[in-house]
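The values are calculated or read from the model by the stated rules, or taken from the named source; none is laboratory data. Given the structure is predicted, the values throughout are model-derived calculations rather than measurements. Because the Cβ atoms are built from the backbone with ideal geometry, glycine has one as well, and the counts that use them run over all protein chains shown.
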Ligand code: GLN
């Protein structure tokens, strides 16, 4: 049924870069046979899933949305993919994304943009717009995204789906094509809070292949989602982040946010205001730290090791000239912009002024979170300042594009978990997201509060 749905809507939505119909049907048949034989299967066995194309999948093409990886077929599975396969979830295919996960609209994909199923003239968010659109368009009930600065939560917000960025280190990064290693985290994109909890528990847990993997990540997400549904929230302190509302936020987004605060109060929660002054600088710090790490991570795409290789059209074929020709042709404009920014910020003489200052702001962000979590059990804000904008609207204005991430970035800088929950429709009829943040390792709180609000 999902493959039929994909065939019907893909010409309009373009959420997928590769559909693995045969492989998915084979997995489904295998699960049916195991079930018929009385085997005790995972709760999600047989439930199809779409995987963002930045996650490596053995035997399935993986491009990270970049032309430089066109035609590359990985010889191994990411740890999370291995867990998905072992539990018997058919993988429907690989979803579209901004090139190397750099972007907030999926328009920086090397393979054309994805359309928001709510309004095909609008962006589905990014960088994981393909995963969110596939779930919103009922092409897949579950999807995997990655979130470095909001790429799971912001697409969820603008497509009316649920997206979760887990605590840093709780889901293995082994087999993710790294964007910024200190910020990247994979997580679920689904239509319900319970579905996210089920998927999060499946993909999470310690992995010796990831040196930043927590030794004993917390769990209990499914129990928390079940307990939260319809339950009362008496005793829960909810902190509204003063810096993440007001100017720049669409009135309809703020109105829905206020309604959700009312619903939280109605469920017995105590709503307080908290202040995180460093968040005013978080966006600027992120756009130094991310390019710095990305410029280093992307150095391996040199025309020798993976995918595309371009030889210079004239002159000698030296290693350096092959690298320049390959990267010049294989990378898109946004990737080049960030590689240039990152190498500049890391260069001798500028390191302390830029990268060093950004790292200090990062520490302040962590301290602001620590203080805020003294006053509140969870923090809340709108996920994104506006609803989905029109395709092309911000493409030529990188700063306007970066401003979409203002509310999602602090969580990545501090490593804390966050969820975006559907929060009704704005005055323009488009979905709004409600963001919930919890202290590191307290992801279960997201599920309890999310399920109560759902
Ligand atoms: N929009 C952010 C960026 O462009 C987020 C990216 C992400 O989370 N992968 O960097």
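Side notes on the structure shown:
- Set side by side, the residues 284, 294 differ, and just one is closer than 21 Å to residue 413 by Cβ and in contact with a helix residue (DSSP H, G or I) (Cβ under 6 Å, 6 or more places away or on another chain), which is 294.
- Residue within the stretch 114-121 that is within 11 Å of the ligand (Cβ to nearest atom), touching a strand residue (DSSP E or B) at 6+ places or on another chain (Cβ under 8 Å) and assigned to a loop (DSSP other than H, G, I, E, B) present: no
- Against the test of being surrounded by fewer than 24 Cβ atoms within 10 Å (Cβ to Cβ) and either under 23 Å from residue 134 (Cα atoms) or away from the ligand (no atom under 16 Å from the Cβ) (or both), the options 195, 184 yield a single qualifying residue, 195.
- Verdict on residue 93 being crowded, with 24+ Cβ neighbours inside 10 Å, within 15 Å of the ligand (Cβ to nearest atom) and touching a residue at least 24 places away in the same chain (Cβ under 8 Å): no
- Residue within the stretch 60-76 that is surrounded by fewer than 15 Cβ atoms within 10 Å (Cβ to Cβ) and either within 16 Å of the ligand (Cβ to nearest atom) or on the phi > 0 side of the Ramachandran plot (or both) present: yes
- Taking each residue of the stretch 179-190 that is closer than 18 Å to residue 292 by Cα and looking for partners that are part of a strand (DSSP E or B) and away from the ligand (no atom under 11 Å from the Cβ) with beta-carbon atoms closer than 9 Å, six or more apart or interchain, yields 185/171.
- Qualifying residue in the stretch 415-433 (condition: in a helix (DSSP H, G or I) and farther than 17 Å from residue 180 by Cβ): no
- Entirely in the stretch 270-359, the helices (runs of 4 or more DSSP H) that have 3 or more residues that are more than 16 Å from the ligand (Cβ to nearest atom) and closer than 21 Å to residue 99 by Cα: 319-330
- Criterion (out of contact with any helix residue (DSSP H, G or I) (no Cβ under 8 Å at 6 or more places or on another chain) and modelled with pLDDT under 95) met by exactly one of 314, 258, 270, 262: 314
- Being within 19 Å of the chain's Cα centre (by Cα) and either more than 13 Å from the ligand (Cβ to nearest atom) or part of a loop (DSSP other than H, G, I, E, B) (or both) holds for only one residue in 411, 388, 371, and it is 388.
- Lone qualifier among 124, 155 - being in a loop (DSSP other than H, G, I, E, B), within 17 Å of residue 16 (Cβ to Cβ) and modelled with pLDDT of 95 or more: 124
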